[in-house]
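Only the coordinates and a few stated rules stand behind these numbers; no lab work does. The model shown is predicted, which means the values in this text are computed figures rather than measured ones.
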Amino acid sequence: MQKIKRLLLVEDDRTLGGLYMYLLQAEGYTVEWVMNCLLAKVKLSQTRYDLILLDVMLPDLSGIEFLSEPLLPISKTLVLTNLDHERAHQQIRAYGIDKILIKSDQTPETFLASVKNCLTT
């Protein structure tokens, strides 16, 4: 029996967050959604997640700044952004993040495929 994967979604856009929640839950994932880094830190102090889906442009702290802070052990992080320039991507990769999704380029299918790939690699 395969363990249900637990995901933390950190996304401040209500429309996108709602869409991501719908898609992920429909695939059978357990998802908790927060809209800022402070709440993400609280969740991370309480729960172990298989994957964090992290927006870059957040109201209290950028996703890049969030990555630089010491956190509980995180197995994997998938960064979601519309920043499509190499400097931002280099900053993100400096924290060991290999998978960066440009939100505007994603279809529901490609988004879910990327999540599944992150969880299985």
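What the table shows:
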item: Relative contact order (percent, whole number), the chain, Cα cutoff 8 Å, 6+ residue spacing; result: 23
item: GNM top mover of D98, D60, D50 - the chain, alpha-carbon springs below 10 Å; result: D60
item: Along principal axes, Cα extents of the chain, largest first, whole Å; result: 41, 32, 29
item: Antiparallel DSSP beta bridges within the chain, as percent of all bridges there, nearest 5; result: 0
